[in-house]
Amino acid sequence: MNMKLYKISFALFLGLGTLVSCNDKLDLVNPNQQTSSTFGFNANDLEESVVAAYNHIRMEGSYARVGYTIDVCRGDEAWNSSQVWYLPFDDLDAPVTSDITWWPWREWYYTINVCNFAISRCGDDDSQLSEQMRRIKGQVLFLRGLAYYNLAGYYQNPPLITDYNSYSTLDGLYGANSTYDKVLDQVEKDFKEAMELLPSRDEGGEWSGGRATCGAAAGYYARTLMQRHKYSEALTVLKDVINKKYGTYKLMANYGDNFRQGPEYENNAESLFEVQFLDYGSQGTDDEWTPVNTSPNATQGSAIESNYAPGRFGGWADISASPWLYQLFKKERTTHGTLDPRLYWTIGTYEPDWEGFEYGNVAYGETMTPTDTIVTNNTNGGLPIAKFTNFRTGLYNKVVTGLHDGINLRLMRYSDVLLRAAECENEVNGPTQQAIDWINQVRERAGLADLKLVDFPTADKLFEQIANVERPKEFGCEFGRGFDLIRWGFFYSADRLQQLKEHGTFRRSLHHAKDPVKYSDIANDPELKCSYDTYVQGHEFLPIVQTLTNKNPNLKGNSANESTDNSVYFKQNGWTVHPVVDLSK
């Protein structure tokens, strides 16, 4: 009897054990259907968040097309040759009903959301983090800083959302506008903390290829400081970058190596940070224009080439280089009497100097001739932009439009560090030999004669050289010129605005695209137009569109919505606009 009871008891025990076991299995989490309450509690999960954050910076509204090209277009180095797609940004009068105006907003808040989530899982005490967790937190802090840097530079006063828990309520989700200063305060904070958490490119080794490092964070920290004229603080950081505190950087011997694809060129010694795109021939076929697309066969390239490439080669022919930029290159030859090699990689024109140079006088493998003028747009003309395209490389003879450009966008290069350091030195100490030496490092790479301190007796004159000669020739048709024009206050001074009009005048014609143009001739020449003639006060920023304000009752417009003058803010901070200086005297 006792034996029978034992067997019954043992059977019940096994049965209960089986039930418990079944319950345990029922409680298992499906790894393909995780939520924010089950995901992100270990480093492996958070590494996936980091990848997601990087992915968002290479979408349509961030850097893959619109988010990059809008700033190129609002600068004085380029114009909208299609006269359609980017026209409101070129003319600086975008309406509040514009659709594509809010695409950068969309992409950057997607990025911020992912970053906020990952940061919430990292804790507040950085000293307790493992090396892997330090790198995770440093990267998402950098990317959040980058997102708000772009949002402030485009939209002026976007909502500042840094607490992931705030998404749990509508009030938290529908954030009210912050101020320009508060947003940039947070950007500075994020970049500064990222500088302390991330390894340098030297320490990171293979891991650092394509990732944010302390050098990238330091470079962007200095940029952010300069947006609000904190030149002394920025100079300290830039000197540290030059002195290799945040890794070893140097100018590539060949300027063109910054604008080619392939592992031998991308993430090179000059690059502080760049957006990663898959090389031609290794991409998928599906264009992912929005963050909600999740195709396993995504192209993972950019559409910058599609924007720039001439219609003759299948491009959309949206953006052309300004005649001012072309003529600027033509004014000064190298010490060997040849054209500045940066012109070759910036603007796609035929020049006798290019015979035997690099790939020669070619356009997508087609030989260019002195009489065969290639214009960007088949209707409106324009000088083709070669930068970040395969115009010169001969990789293919026809552009497949869409997100197929495999060239990484170098967002910050060491040459920018040198020229910014020179600008800060000039602002803090006036023209000095040190400032001249930093500029000359960049000029020497291009083969140009050294500048001499004696020729720059005032800070105003050296600033003019940096702002309207050195920077346009080094960074022509790259992202960032619009940000510079805002921080320099060029929209708040009559003589500077007039200068922008001179720079922004172009000819809508299939002929004489390279010829010099004068703003004063517009009244009598119907082919001429100037982007800045239609500038409306406050529209140096993009308006916050009605699509957003209608959905968010806490969100108001900015200076572009109200067409208000931002010179008051500029002057209240004690900032001054450098007067225009004639460099020929």
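Here are 414, 396: which of them is under 19 Å from residue 363 (Cα atoms) and either open to solvent by less than 10 Å² (accessible area, probe 1.4 Å) or among the hydroxyl-bearing types (Ser, Thr, Tyr) (or both)? It would help to see each step written out before you state the result.
Numbers: 414 fails: under 19 Å from residue 363 (Cα atoms).
After ruling out the rest, the residue left standing is 396.
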remark   = Residue hits (region 288-329; open to solvent by 50 Å² or more (accessible area, probe 1.4 Å), outside any helix (DSSP H, G or I) and in contact (Cβ under 8 Å) with a residue 60 or more places away in the chain) are 289, 300, 316
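Give the residue, chosen from 218, 194, 152, 212, that is aliphatic (A, V, I, L, M), within 19 Å of the chain's Cα centre (by Cα) and over 22 Å from residue 116 (Cβ atoms). Before you say what the answer is, go through the steps one by one.
Details: 194 fails: over 22 Å from residue 116 (Cβ atoms); 152 fails: over 22 Å from residue 116 (Cβ atoms); 212 fails: over 22 Å from residue 116 (Cβ atoms).
Matching residue, one of 218, 194, 152, 212: 218.
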Failed criterion for residue 517 (all others in (1) open to solvent by less than 40 Å² (accessible area, probe 1.4 Å); (2) closer than 30 Å to residue 373 by Cβ; (3) touching a Gly at 6+ places or on another chain (Cβ under 7 Å) hold) = (3)
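Please go through region 224-241 and pick out each residue that is under 18 Å from residue 198 (Cα atoms) and either among the basic types (Lys, Arg) or open to solvent by 20 Å² or more (accessible area, probe 1.4 Å) (or both).
Within region 224-241, just 240 meets the criteria.
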message = Yes or no: region 287-300 includes at least one residue that is under 18 Å from the mean Cα position of the chain (by Cα), within 15 Å of residue 261 (Cβ to Cβ) and of a type in the set (Phe, Trp, Tyr).
response = no
key: Residues (assigned to a loop (DSSP other than H, G, I, E, B), closer than 21 Å to residue 327 by Cα, out of contact with any Asp or Glu (no Cβ under 8 Å at 6 or more places or on another chain) and open to solvent by less than 40 Å² (accessible area, probe 1.4 Å)) located in region 352-375   = 360, 368, 374, 375
message = Against the conditions (1) out of contact with any helix residue (DSSP H, G or I) (no Cβ under 7 Å at 6 or more places or on another chain); (2) open to solvent by 30 Å² or more (accessible area, probe 1.4 Å), where does residue 103 fall short? Just the number, please.
response = (1)
request  = Return the pairs, sorted by first residue and then second, in which the second residue is among the aliphatic types (A, V, I, L, M), the first residue lies in region 395-409 and is in a loop (DSSP other than H, G, I, E, B), the beta carbons are less than 7 Å apart, and the residues are 6+ apart or on different chains.
outcome  = 399/309; 402/303; 403/64; 403/303; 406/278; 408/275
request  = Search region 36-53 for residues being closer than 21 Å to residue 167 by Cα and assigned to a helix (DSSP H, G or I), and hand back the single one that is nearest to the chain's Cα centre (by Cα).
outcome  = 53
task = Could you grab me the full set of residues in region 544-581 that are closer than 23 Å to residue 97 by Cβ, open to solvent by 40 Å² or more (accessible area, probe 1.4 Å) and not in a helix (DSSP H, G or I)?
result = 553, 554, 556, 563, 564, 565
ask   = Can you name the number of the only condition in (1) touching a Lys or Arg at 6+ places or on another chain (Cβ under 7 Å); (2) within 30 Å of residue 531 (Cβ to Cβ); (3) not hydrophobic (A, V, I, L, M, F, W, C) that residue 312 fails?
value = (1)
query = Among (1) crowded, with 20+ Cβ neighbours inside 10 Å; (2) within 21 Å of residue 238 (Cα to Cα); (3) touching a residue at least 40 places away in the same chain (Cβ under 8 Å); (4) not basic (Lys, Arg), where does residue 441 come up short?
reply = (1)
query = When both residues are 6+ apart or on different chains and their Cβ atoms are under 9 Å apart, which pairs have a first residue that lies in region 559-585 and is over 21 Å from residue 92 (Cβ atoms) and basic (Lys, Arg), and a second that is modelled with pLDDT under 95 and outside any helix (DSSP H, G or I)?
reply = none
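Which residue, of 180, 148, is aromatic (Phe, Trp, Tyr), within 20 Å of residue 486 (Cβ to Cβ) and open to solvent by less than 20 Å² (accessible area, probe 1.4 Å)? Can you show your working first?
Working: 180 fails: open to solvent by less than 20 Å² (accessible area, probe 1.4 Å).
Exactly one residue qualifies, and that residue is 148.
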query = Which residue, of 129, 143, 46, 92, is among the aliphatic types (A, V, I, L, M) and more than 25 Å from residue 201 (Cα to Cα)?
reply = 92
Selected residue [within 27 Å of residue 564 (Cβ to Cβ) and touching a residue at least 24 places away in the same chain (Cβ under 8 Å)] from 92, 141, 87, 146 = 92
ask   = If you check residue 349 against the conditions, is it on the phi < 0 side of the Ramachandran plot, part of a loop (DSSP other than H, G, I, E, B), among the hydroxyl-bearing types (Ser, Thr, Tyr) and open to solvent by less than 40 Å² (accessible area, probe 1.4 Å)?
value = yes
key: Hey, residue 339 open to solvent by less than 20 Å² (accessible area, probe 1.4 Å), part of a loop (DSSP other than H, G, I, E, B) and under 29 Å from residue 461 (Cβ atoms) or not   = yes
inquiry  = I'd like to check something: does region 76-90 contain any residue that is assigned to a helix (DSSP H, G or I), within 23 Å of the chain's Cα centre (by Cα), under 30 Å from residue 479 (Cα atoms) and β-branched (Val, Ile, Thr)?
reply    = no
task = Starting from region 360-381, take each residue that is over 18 Å from residue 343 (Cβ atoms) and among the acidic types (Asp, Glu) and list its partners that are open to solvent by less than 50 Å² (accessible area, probe 1.4 Å) and part of a loop (DSSP other than H, G, I, E, B), counting only C-beta distances under 8 angstrom and pairs at least six apart or across chains.
result = 372/350
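Which residues, counting only those in region 376-393, are open to solvent by 10 Å² or more (accessible area, probe 1.4 Å) and either part of a strand (DSSP E or B) or within 30 Å of residue 435 (Cα to Cα) (or both)?
In the first step, residues of region 376-393 are kept if they are open to solvent by 10 Å² or more (accessible area, probe 1.4 Å); the result is 377-380, 393.
Listed by number, the list holds a single entry, 377.
The values are calculated or read from the model by the stated rules, or taken from the named source; none is laboratory data. Everything numeric in this text was worked out from a predicted model, so none of it was measured. Note: ideal-geometry Cβ built from the backbone for every residue, glycine included; neighbour counts use all protein chains shown. Note: accessible area is taken over every heavy atom of the protein model, side chains too, but ligands, DNA and RNA are not part of it. Shrake-Rupley method; radii C 1.70, N 1.55, O 1.52, S 1.80 Å.
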